[in-house]
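Visitor: Quick one: the structure is below, questions incoming.
The values are calculated or read from the model by the stated rules, or taken from the named source; none is laboratory data. What you see is a predicted model; the values in this text were computed from it and never measured. Cβ coordinates were reconstructed from backbone atoms using ideal geometry, including for glycine residues, and neighbour counts include every protein chain displayed. The area values use the complete protein model at the heavy-atom level, side chains included, leaving out ligands, DNA and RNA. Shrake-Rupley method; radii C 1.70, N 1.55, O 1.52, S 1.80 Å.
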Amino acid sequence: MLKIIVRRTLLWSNICSIAALLLSVFLPCVNPGQWWPAGFSGFFFPFLFLLCLLYTAIWAWRKNRKYGWMNIIAILCAMPAALTTWGVHIFRENITSKQTNSGQFTLMTYNTSSMGLERYVTNKDKEAAIYNTIASGSPDILCMQEFYTNDKPGNEQHLQRITSAGNYPYHYFTRDKTHWESWHYGIVLFSRYPIITASAIPSVKSSTGSGSTFLQADIAINGDTIRVFNVHLISYMFKGEDYENMKAPKGTGLVYKMRRTFPARSSQALQLAALVAASPYPVIVCGDFNDTPVSFTYKTISRNLQDAFLKTGAGWGRTLSYLSPSLRIDYILAQPAVNIHGSKVFHNRPSEHFPVMACLSLKKN
């Protein structure tokens, strides 16, 4: 009797897991702006995929082929999503430093969380981690989101400091938000290559000062021109108390706060995909998408683009330092006209986001 209860419990829990896995795979094809539950599905994919692998092993151990094959079929259906979640290049040489006279260049994307500014006071440990990472990576093109600088003498003049310390003769700053005349927030791009033209393209309204626009820059590199989009898609803007209020009444709970952002982020993804398609130059898209690889946002933006981490990396590729090890939400994507030679995630605590850097070059016709 006990064996029957155990077998039935295993079977029905496995069936539920398979159903949830398939939903997490196929629901991201639906625009969550039109049906909000689709926005949550991808968050659970990595754990559901691993759970079905575990069930496969359990049924093999119990010598029940029929139920084992049920999981294998579900895993095969989920394999495309798995290959956008985990990097598989375990034995590949991952080159992140450019070779001399190769035409290669490096690009880093980094959400700086206002350069360590917390309630208008700079966290010196976080600020130091940011500058140490920039110095360590020394990217030719540095794209930063949630950037903060202050024009007032004696305050944190990060714009001037990075320009000087990183040897960046060219930059463009969107200045999406200003406090007290001298406190500026937005998206910034620093470059050692000439910026031909740059602009801030209006997107949805964001209260954070980073995410209201897309930064578009055309950059001259070795006689060619590339177009870089530096973006910060709308954030959930969680606060400490939000994690304690997951079951709070409607209008204040964590789930409600998340679903309110889905329409705006979906709209941004569609807008960005259209801008990429219309570009006359090879495109690189980088930034904080605030969404996982198994999501409508990622699927929409990454269509016909290469993911630098998936092309060269291995493992999770985690870029958010808290909540879950599965959260890869910062990306470098490139059109096929761009070679991707290597990529790296800098695990630089105590930063909230881990920056991503890639070594790239343009293909010659």
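Visitor: One residue is enough: does segment 88-106 have a residue meeting the conditions part of a strand (DSSP E or B), of a type outside the set (D, E, K, R), at pLDDT 95 or above and closer than 18 Å to SER191 by Cα?
Guide: yes
Visitor: Let me ask something additional. THR133 passes all but one of (1) over 30 Å from LEU270 (Cα atoms); (2) more than 23 Å from the chain's Cα centre (by Cα); which number fails?
Guide: Result: THR133 passes all but (2).
Visitor: Suppose we keep only residues that are of a type in the set (Gly, Ala, Ser) and modelled with pLDDT of 95 or more within segment 65-80. Which one would you say is nearest to SER24 (Cα to Cα)?
Guide: Going through the qualifying residues, I end up with ALA78.
Visitor: Out of curiosity, is ARG260 under 29 Å from LEU22 (Cβ atoms), open to solvent by 10 Å² or more (accessible area, probe 1.4 Å) and without any contact (Cβ under 8 Å) to a residue 12 or more places away in the chain?
Guide: yes
Visitor: All but one of (1) open to solvent by less than 10 Å² (accessible area, probe 1.4 Å); (2) over 19 Å from ARG92 (Cα atoms) hold for GLY342; which doesn't?
Guide: It fails just one condition, (2).
Visitor: Applying the selection to segment 297-343, what residues are under 13 Å from the mean Cα position of the chain (by Cα), in a helix (DSSP H, G or I) and under 17 Å from LEU275 (Cα atoms)? Outline the logic, then answer.
Guide: Step one: list which residues in segment 297-343 are under 13 Å from the mean Cα position of the chain (by Cα), which gives 297-299, 301-302, 307-310, 316-321, 326-333.
The next check asks that each one be in a helix (DSSP H, G or I); those that pass are 297-299, 301-302, 308-310.
Matches in segment 297-343: THR297, TYR298, LYS299, ILE301, SER302.
Visitor: Do the conditions hold for SER138, that is, is it at positive phi, surrounded by 17 or more Cβ atoms within 10 Å (Cβ to Cβ) and polar (S, T, N, Q)?
Guide: no
Visitor: Quick check on ILE95: is it aliphatic (A, V, I, L, M), over 20 Å from TYR168 (Cβ atoms), open to solvent by 20 Å² or more (accessible area, probe 1.4 Å) and touching a Gly at 6+ places or on another chain (Cβ under 8 Å)? Before you say what the answer is, go through the steps one by one.
Guide: Numbers: aliphatic (A, V, I, L, M): yes; over 20 Å from TYR168 (Cβ atoms): yes; open to solvent by 20 Å² or more (accessible area, probe 1.4 Å): yes; touching a Gly at 6+ places or on another chain (Cβ under 8 Å): yes.
Yes: the conditions hold for ILE95.
Visitor: Can you give me the ranges of the helices (runs of 4 or more DSSP H) entirely in segment 1-71 with at least 1 residues that are out of contact with any Asp or Glu (no Cβ under 6 Å at 6 or more places or on another chain) and exposed (fewer than 12 other Cβ atoms within 10 Å of the Cβ)? First the steps, then the outcome.
Guide: Details: elements: 2-26, 38-41, 45-61.
Here the list reads 2-26, 45-61.
Every residue, every condition in (1) in contact with a strand residue (DSSP E or B) (Cβ under 6 Å, 6 or more places away or on another chain); (2) open to solvent by 40 Å² or more (accessible area, probe 1.4 Å); (3) at pLDDT 75 or above, yes or no:
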| residue | (1), (2), (3) |
| --- | --- |
| THR225 | yes, no, yes |
| MET237 | no, yes, no |
| MET246 | no, yes, no |
| LYS250 | no, yes, no |
| ALA264 | no, no, yes |
| VAL276 | yes, no, yes |
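Visitor: Let me ask another. Could you check segment 111-134 and list, in sequence order, the residues that are in contact with a Gly (Cβ under 9 Å, 6 or more places away or on another chain) and surrounded by 20 or more Cβ atoms within 10 Å (Cβ to Cβ)?
Guide: Scanning segment 111-134 gives ASN111, SER114, LYS126, ILE130, ILE134.
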